[in-house]
Amino acid sequence: MYSIQRKCPQALRFVHKKSSKRLKDHFLDSFNRDAIQQSFYSSNSGKVIKPIKKLMVANRGEIAIRVFRACTELDIRTVAIYSEQDDGQVHRIKADESYLIGKGLPPVQAYLSIPEIIKIAKDNDVEAIHPGYGLLSESGEFAKACFENGIRFVGPSPDVMFRMGNKTEARKAAIEAGLKVIPGTANPISEVADAKKFAQEHGLPIIFKAAHGGGGRGMRVVRSMEELEENFQRATSEAKSAFGNGDVFIERFLEKPRHIEVQIMGDKYNNVVHLYERDCSVQRRHQKVIEIAPAPSLPVEIRDRITSDAVRLAQHVGYQNAGTVEFLLDSSGQNFFIEVNARLQVEHTVTEEITGVDLVQTQIRVAEGHSLKDLNLEQKDIKVHGSALQCRMTTEDPAKNFQPDNGRIEVYRSGEGMGIRIDSANAFTGAVITPYYDSLLVKIIAHAKDHPSACSKMIRALKEFRIRGIKTNIPYLLNVLQNKQFLEGSVDTSFIDQNPDLFNFKPSQNRAQKLLNYLADVVVNGPLTELGTNLKPAEIVPTVPEVTNKVTTGWRDVYLRDGAKAFAKAIRDHTNSTNQLMLMDTTFRDAHQSLLATRVRTFDMKQIAPFVSNHFANLYSLECWGGATFDVSLRFLHECPWERLRELRKLIPNVPFQMLLRGANAVGYTNYPDNVVNEFCKLAVQNGMDVFRVFDSLNYVPNLVVGMDAVNNAGGIVEAAISYTGDVSDPTRTKYNLDYYVDVADQLVKAGAHVLSVKDMAGLLKPKATHMLIDAIRQRHPDVPIHLHTHDTAGTGVANYMAAAQAGCDIVDVAVDSMSGMTSQPSMGAVVASLQNTDRHTHIDLNSVFKYSSYWEQARLLYAPFECTTTMKSGNADVYMNEIPGGQYTNLQFQAFSLGLGTQFEEIKRAYTEANQLLGDIIKVTPSSKIVGDLAQFMVQNKLSSEDLVNKAEDLSFPTSVVEYMQGLIGQPPGGFPEPLRSKILKGKKRYDARPGSDLAPLDFEQVKKDLIEKYGEIVTDCDVMSHVMFPKVLEEFLDFKLKYGPVDKLNTRVFFVGPKIAEDLDIPIEKGKTLRVKLLAVGDLKNGEREVFFELNGQLRSLLVKDKSVQKDLKAQPKAVKGRKGSIGAPMPGTVIDVKCKEGDMVNKGDTLVVLSAMKMETVVKSPVSGKIVKLAVQNGQKLEGDDLLVEIDV
């Protein structure tokens, strides 16, 4: 045999190709296997160098591309293989040739098919195969198959692969070579009983390790006997999935060691060198996260000992090509051999950076027959230059326990610059990340003069990355890199476990991509805020008037300096001494509530706010908050009302802000515990609110007092409101006469009112009645400021204000001219002009009013879809008959026309009058006005007269609001409830004769916040908590919307409602000094229920896939788990169901295993978080799931 090799190496190749299996086995099983293989490249004259002309990479992704690049530099033709699932992967097109493999096989198994890989290689004249890392890279069988088929294997010889690729055999070799090892099993085990026996003999903790692979797959630590069997099953299953062999072995688990590995390189002539060590101690789930070379703070003597051990072992086994010898280093400095990775490592890059050696090219040259000396790689020539570290960027969400993520990369922008290297494969905009393979996306390598400098470069590079569409572990990597212990280089394998603060993440804002998602959704599916009519917002940018007056002070300064009581006194003293009639501007709230369905956005208020601050600094107040605007801004405008308050306060620091507070109901529509109202008012004051108009829809003083006390406790200005109805000038209407209103005023002043307000919600005042009412209150309370609010529905508003001024009123409510009239407030300009040159002049500049009005006249056109004038063309004095409040009048008319009942609006108004009388002639302010409206519509829909309703009451199903009113849940009406109608409606239901919320237990705000944070993360603020208390579902929908679509409040109003036009340039200022430039380019055709929408963002192309909801009804989808429902268990990550451990009807205990999922070769056990009965099993084995897809429903 040796004579054949000496005389003619080609003869050996012939024998290799043509001889029998028995003869080939003889070659491979011979003791001189290494010599035989080496001789293949030798001749009598010395080495024979056989250049490789065509090389295949039997791998995928980043490592395949890394090898292809090395080959291209060496002028070697490249061949790729790819699975069906990898059809779109970059490595397929990076190679000169590429071939499909494993058709019909599962994704990983496709790359483990040795016969098919060999066949493709032989069919296409491949001379060498590089195995990469993972998959078959440590398979002796694969190396043997290559050898048998005349294909060079770029790696160790088959016998070394067999020996070093098997962890137990490698341990034996290490012991033979004199290396210290950790106690463990001598051979792989396949039975759990063997594992239990080892644990009983050697004690815990122990660790299972895959016998035929690494990378953290098939590794499980066992710390208690109870978890041994489960972890054994998971380890063997993962090993089988990842490496095609489920064998595992056991070692004692060493606590808190450093993980140090040595890069070695051997040639075919028994020359071995090391290229120094790497520190791989930063690990999670036994997978390396960050690798450093050389190991920081490693004493020279330990470095020399470890590298010497690695070379000695390699020489002992006749190691050829690249490999890594791995050690654990305990706290005493003793190193223990753990394994050899007989392949190129993921982290080989950091060694390349510090040594300047291209390891992949060296592998290929060695496979061609070159010696290390030929390659100038003798030990004396290998030096360390600086420090390098590598971060593995993965598609995992660290905020969700590193749940693997998959999907389409919508945005990809990498970090670059001096000292940064990026090795990637599938990282680009439009790439689709599948759940079938490892989650590695990009390897980032930083190189600098020392470890801290390299960390600085890495931090900078990671911060430059922009990846959208999928989650990555960048936040986690940044936390590690900025940790003091890591920067000092003193970390061990317990580093992550001992630093829980590494998992405190600052959520990525991702504002640009979220806004593009919103715009794309609107473009494809239409407005996400339902428009009231078919009218569209005008294509107009309102002109903002120039600020010519620079006024920095106002009445708010008095309040801030002297307090609420002094403020009220100063107002009264001022009006008393100057006779000025002061104004409150409602344009920012009640005006648009009445005219534009409360839909005006903060965006348009902010534009005009500086003008108001400077030109109307002498306003008594500006009404901008509270009432219906609170929930509407969340529900329909998708903006936070608290943020509106803060933003406006920054722009208008000098004018007092006023809000509408519904007494014991705060800004909600139900009863709350008293501590809720107290906390709400405190929070409102903290965020910039000053004056609180506290009212109750029934003038029920106990409810009013709750709100007044809350405002007082918060330090706010208490403006207690008397809700007006009836006609004090009509002597026949005795229920609500002057005595009634003066009595209520007396009670409110006694309860601590700083200001008295008359709230004429329906606009029922007439000039004579106005004078009588204001005069009566003024006579009774000469030192208390009086504030009058009305609506101009009948067109008598200005006349009423003239009468109020004559009677001694201090303040009246107005709206700027273009937002006044009809169901809004009287015109600011009309009141100012009417009082010019009189003793009650307003001291408001009329020219400023005109400019202010011009802005809103233009801005109002943006809200055409909600315009009341679509149906209401003028005011109507019939309000004196039906007594419908202004805002409700608009809404009722709008609803009637929307439902095609426009011709019945007169009937609804008549029914409203009848309903009011049936309920006892009550004061009609939100929410009592809604109760009357609900009953009126109920009567019209069911064609009921008043007599019919009373007679049939016991058999009718009344609106819930009517039933709750009759129960007393909004308070006690003046004169009591109407009988026998109340008893007929209630049918025995509970009655409340005291203040409804008086017996409610205090709310636990901390628990509410805890629950919200559990669901939405740390983005939850105290303001969000309060909004949730007021409107739970509305707030949650708002937060969901915000997380999905981002800061839509930054969009201009037309674009917000209906989206951009094709080729329209949009400037979106997202914060000071940051403006997004967006252009809609095109909308693609429908494909698989989706449309691709193309944008240009800051000059770069972006595209998004949007589900077309018009066709979604035809597509079936897996139900989602219900957030917040404890028994609704969802998939913690996208993946495939590989084991179902339960069935419907089973009783499970908390902690029982329900389902086992696999994603990216990592298995996750889903355990029950609760005890109960499984009422629904929504998955089956083999089913593919998305994150949060429903697994099981448990009845708890």
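What do you reckon, is Leu1177 outside the structural domain of Thr236 (by the TED database), of a type outside the set (Val, Ile, Thr) and buried (at least 20 other Cβ atoms within 10 Å of the Cβ)?
Values: outside the structural domain of Thr236 (by the TED database): yes; of a type outside the set (Val, Ile, Thr): yes; buried (at least 20 other Cβ atoms within 10 Å of the Cβ): no.
The answer is no for Leu1177.
Got a sec? Which of Lys256, Lys288 is open to solvent by 20 Å² or more (accessible area, probe 1.4 Å), within 19 Å of Cys455 (Cα to Cα) and either free of Cβ contacts under 8 Å to residues at least 12 places away in the same chain or among the basic types (Lys, Arg) (or both)? Spell out how you get there, then give the answer.
Numbers: Lys256 fails: within 19 Å of Cys455 (Cα to Cα).
Lys288 is the lone residue from the list that is open to solvent by 20 Å² or more (accessible area, probe 1.4 Å), within 19 Å of Cys455 (Cα to Cα) and either free of Cβ contacts under 8 Å to residues at least 12 places away in the same chain or among the basic types (Lys, Arg) (or both).
Note down all Cβ pairs under 7 Å where the first residue falls in segment 495-517 and is basic (Lys, Arg), the second is buried (at least 17 other Cβ atoms within 10 Å of the Cβ), and they're at least six residues apart or on different chains.
Close Cβ pairs (under 7 Å, with a partner that is buried (at least 17 other Cβ atoms within 10 Å of the Cβ)) amount to Lys506/Pro475; Arg511/Gly1046; Arg511/Pro1047; Lys514/Tyr1045; Lys514/Gly1046.
Determine whether Asp521 is part of a helix (DSSP H, G or I), over 26 Å from Ala399 (Cα atoms), of a type in the set (Asp, Glu) and assigned by the TED database to the domain that holds Leu788.
Details: part of a helix (DSSP H, G or I): yes; over 26 Å from Ala399 (Cα atoms): yes; of a type in the set (Asp, Glu): yes; assigned by the TED database to the domain that holds Leu788: no.
The answer is no for Asp521.
Read through the list (1) farther than 16 Å from Ala210 by Cβ; (2) hydrophobic (A, V, I, L, M, F, W, C); (3) part of a loop (DSSP other than H, G, I, E, B), then give the number of the only condition that Leu136 fails.
(1)
Please determine whether any residue of segment 1074-1085 is under 26 Å from Phe636 (Cα atoms), open to solvent by less than 50 Å² (accessible area, probe 1.4 Å), part of a helix (DSSP H, G or I) and in contact with a helix residue (DSSP H, G or I) (Cβ under 8 Å, 6 or more places away or on another chain).
No, segment 1074-1085 contains no residue that is under 26 Å from Phe636 (Cα atoms), open to solvent by less than 50 Å² (accessible area, probe 1.4 Å), part of a helix (DSSP H, G or I) and in contact with a helix residue (DSSP H, G or I) (Cβ under 8 Å, 6 or more places away or on another chain).
Could you check segment 222-253 and list, in sequence order, the residues that are of a type in the set (Val, Ile, Thr) and either under 21 Å from Glu138 (Cα atoms) or open to solvent by 30 Å² or more (accessible area, probe 1.4 Å) (or both)?
The initial filter retains those residues of segment 222-253 that are of a type in the set (Val, Ile, Thr), namely 222, 236, 248, 250.
Once the filter is applied, which keeps residues that are of a type in the set (Val, Ile, Thr) and either under 21 Å from Glu138 (Cα atoms) or open to solvent by 30 Å² or more (accessible area, probe 1.4 Å) (or both), segment 222-253 yields Thr236, Val248, Ile250.
Scanning for something under 22 Å from Leu634 (Cα atoms), open to solvent by less than 70 Å² (accessible area, probe 1.4 Å), in contact with a Lys or Arg (Cβ under 9 Å, 6 or more places away or on another chain) and touching a residue at least 60 places away in the same chain (Cβ under 8 Å), does segment 1002-1013 turn up at least one residue?
no
Strands (runs of 3 or more DSSP E) wholly in segment 621-702 with at least 2 residues that are over 30 Å from Gly968 (Cα atoms) - which ones?
On the way: elements: 621-626, 657-661, 691-694.
Filter on segment 621-702 gives 621-626.
Residues to consider are Gly1046, Gly997, Gly1017, Gly971; find the one that is in contact (Cβ under 8 Å) with a residue 12 or more places away in the chain, within 18 Å of the chain's Cα centre (by Cα) and buried (at least 17 other Cβ atoms within 10 Å of the Cβ).
Working: Gly997 fails: within 18 Å of the chain's Cα centre (by Cα); Gly1017 fails: buried (at least 17 other Cβ atoms within 10 Å of the Cβ); Gly971 fails: within 18 Å of the chain's Cα centre (by Cα).
Unique residue meeting the criteria: Gly1046.
Take segment 869-887 and flag every residue that is surrounded by fewer than 22 Cβ atoms within 10 Å (Cβ to Cβ) and not β-branched (Val, Ile, Thr).
Step one: list which residues in segment 869-887 are surrounded by fewer than 22 Cβ atoms within 10 Å (Cβ to Cβ), which gives 869-878, 880-881.
Across segment 869-887, the qualifying residues are Met872, Lys873, Ser874, Gly875, Asn876, Ala877, Asp878, Tyr880, Met881.
Of the conditions (1) in contact with a helix residue (DSSP H, G or I) (Cβ under 9 Å, 6 or more places away or on another chain); (2) among the hydrophobic types (A, V, I, L, M, F, W, C); (3) not in a helix (DSSP H, G or I), Phe1056 satisfies every one except a single condition; which number is it?
(3)
Which residues, taken from segment 809-846, are on the phi > 0 side of the Ramachandran plot and touching a strand residue (DSSP E or B) at 6+ places or on another chain (Cβ under 7 Å)? Give the derivation first.
Restricting attention to segment 809-846, the residues satisfying the condition of being on the phi > 0 side of the Ramachandran plot are 821-822, 837, 843.
The answer is Gly821, and nothing else.
If a residue must be touching a helix residue (DSSP H, G or I) at 6+ places or on another chain (Cβ under 8 Å) and either farther than 24 Å from Ala70 by Cα or without any contact (Cβ under 8 Å) to a residue 40 or more places away in the chain (or both), how many such residues does segment 116-125 contain?
Residues that pass the stated criteria total 1.
Within segment 338-352, identify whether any single residue is over 30 Å from Lys53 (Cα atoms), assigned to a loop (DSSP other than H, G, I, E, B) and either in contact with a Pro (Cβ under 9 Å, 6 or more places away or on another chain) or at pLDDT below 90 (or both), and answer yes or no.
no
Of the residues that make up segment 366-379, is at least one assigned to a strand (DSSP E or B) and open to solvent by 20 Å² or more (accessible area, probe 1.4 Å)?
Of segment 366-379, the ones assigned to a strand (DSSP E or B) are none.
No, every residue in segment 366-379 fails to be assigned to a strand (DSSP E or B) and open to solvent by 20 Å² or more (accessible area, probe 1.4 Å).
Would you mind telling me which numbered condition in (1) in a loop (DSSP other than H, G, I, E, B); (2) open to solvent by less than 10 Å² (accessible area, probe 1.4 Å); (3) farther than 18 Å from Phe588 by Cα Val832 fails?
It is condition (1) that Val832 fails.
Can you pull out the residues in segment 600-628 that are farther than 23 Å from Ser697 by Cα and under 34 Å from the mean Cα position of the chain (by Cα)?
Going residue by residue through segment 600-628, those that are farther than 23 Å from Ser697 by Cα are 600-620.
Across segment 600-628, the qualifying residues are Val600, Arg601, Thr602, Phe603, Asp604, Met605, Lys606, Gln607, Ile608, Ala609, Pro610.
Looking at segment 295-312, which of the residues that are of a type in the set (A, V, I, L, M) and assigned to a helix (DSSP H, G or I) is surrounded by the fewest Cβ atoms within 10 Å (Cβ to Cβ)? Working first, answer last.
Step one: of segment 295-312, the residues of a type in the set (A, V, I, L, M) are 295, 298, 300, 302, 306, 310-311.
Narrowing further to those that are assigned to a helix (DSSP H, G or I): 300, 302, 306, 310-311.
On the way: Val300: 7, Ile302: 18, Ile306: 23, Ala310: 29, Val311: 19.
Among residues in segment 295-312 that are of a type in the set (A, V, I, L, M) and assigned to a helix (DSSP H, G or I), the one surrounded by the fewest Cβ atoms within 10 Å (Cβ to Cβ) is Val300.
Mind telling me which of the residues Ala745, Ala762, Ala776 ends up being in contact (Cβ under 8 Å) with a residue 24 or more places away in the chain and over 54 Å from the mean Cα position of the chain (by Cα)? Even if it seems obvious, please write down each step before you answer.
On the way: Ala745 fails: over 54 Å from the mean Cα position of the chain (by Cα); Ala762 fails: over 54 Å from the mean Cα position of the chain (by Cα).
Being in contact (Cβ under 8 Å) with a residue 24 or more places away in the chain and over 54 Å from the mean Cα position of the chain (by Cα) holds for just one of Ala745, Ala762, Ala776, which is Ala776.
Can Leu135 be described as out of contact with any strand residue (DSSP E or B) (no Cβ under 9 Å at 6 or more places or on another chain), closer than 28 Å to Gly1182 by Cβ and among the aliphatic types (A, V, I, L, M)? Walk me through how you get there before you give the answer.
Values: out of contact with any strand residue (DSSP E or B) (no Cβ under 9 Å at 6 or more places or on another chain): yes; closer than 28 Å to Gly1182 by Cβ: yes; among the aliphatic types (A, V, I, L, M): yes.
Spelling it out, Leu135 is indeed out of contact with any strand residue (DSSP E or B) (no Cβ under 9 Å at 6 or more places or on another chain), closer than 28 Å to Gly1182 by Cβ and among the aliphatic types (A, V, I, L, M).
Yes or no, residue by residue, for (1) of a type in the set (A, V, I, L, M, F, W, C); (2) over 23 Å from Asp247 (Cβ atoms); (3) open to solvent by 10 Å² or more (accessible area, probe 1.4 Å); (4) in the same structural domain as His91 (by the TED database):
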| position | (1), (2), (3), (4) |
| --- | --- |
| Ile117 | yes, no, no, yes |
| Ala128 | yes, yes, no, yes |
| Asp159 | no, no, yes, no |
| Thr168 | no, no, no, no |
| Ala174 | yes, no, no, no |
| Asn187 | no, no, yes, no |
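Where residues in segment 49-100 are outside any strand (DSSP E or B), of a type in the set (D, E, K, R) and out of contact with any helix residue (DSSP H, G or I) (no Cβ under 9 Å at 6 or more places or on another chain), which of them is surrounded by the most Cβ atoms within 10 Å (Cβ to Cβ)?
Of all residues in segment 49-100, those outside any strand (DSSP E or B) come to 49-53, 58-76, 83-96.
Going one step further and asking which of them are of a type in the set (D, E, K, R), we end up with 50, 53, 60, 62, 66, 69, 73, 75, 84, 86-87, 92, 94, 96.
Remaining after also requiring out of contact with any helix residue (DSSP H, G or I) (no Cβ under 9 Å at 6 or more places or on another chain): 53, 75, 87.
On the way: Lys53: 12, Asp75: 8, Asp87: 10.
Filtering segment 49-100 for residues that are outside any strand (DSSP E or B), of a type in the set (D, E, K, R) and out of contact with any helix residue (DSSP H, G or I) (no Cβ under 9 Å at 6 or more places or on another chain), the one surrounded by the most Cβ atoms within 10 Å (Cβ to Cβ) comes out as Lys53.
How many residues are open to solvent by 10 Å² or more (accessible area, probe 1.4 Å), out of contact with any Asp or Glu (no Cβ under 7 Å at 6 or more places or on another chain) and either free of Cβ contacts under 8 Å to residues at least 40 places away in the same chain or in a helix (DSSP H, G or I) (or both) when one looks only at segment 599-614?
Step one: list which residues in segment 599-614 are open to solvent by 10 Å² or more (accessible area, probe 1.4 Å), which gives 599, 602-603, 606-607, 610, 614.
The next check asks that each one be out of contact with any Asp or Glu (no Cβ under 7 Å at 6 or more places or on another chain); those that pass are 599, 607, 610, 614.
From what's left, either free of Cβ contacts under 8 Å to residues at least 40 places away in the same chain or in a helix (DSSP H, G or I) (or both): 607, 610, 614.
Here the count works out to 3.
Name every residue in segment 567-599 that is small (Gly, Ala, Ser) and under 47 Å from the mean Cα position of the chain (by Cα), in order of residue number.
Residues of segment 567-599 small (Gly, Ala, Ser): 568, 570, 577, 591, 594, 597.
Correct list: Ala568, Ala591, Ser594, Ala597.
The values are calculated or read from the model by the stated rules, or taken from the named source; none is laboratory data. Because the structure is predicted, anything quoted here is derived from the model rather than measured. For neighbour counting, all protein chains shown are included, and Cβ atoms are generated from backbone atoms with ideal geometry for every residue, glycine included. These area figures cover heavy atoms from the full protein model, side chains too; ligands, DNA and RNA do not enter into them. Shrake-Rupley method; radii C 1.70, N 1.55, O 1.52, S 1.80 Å.
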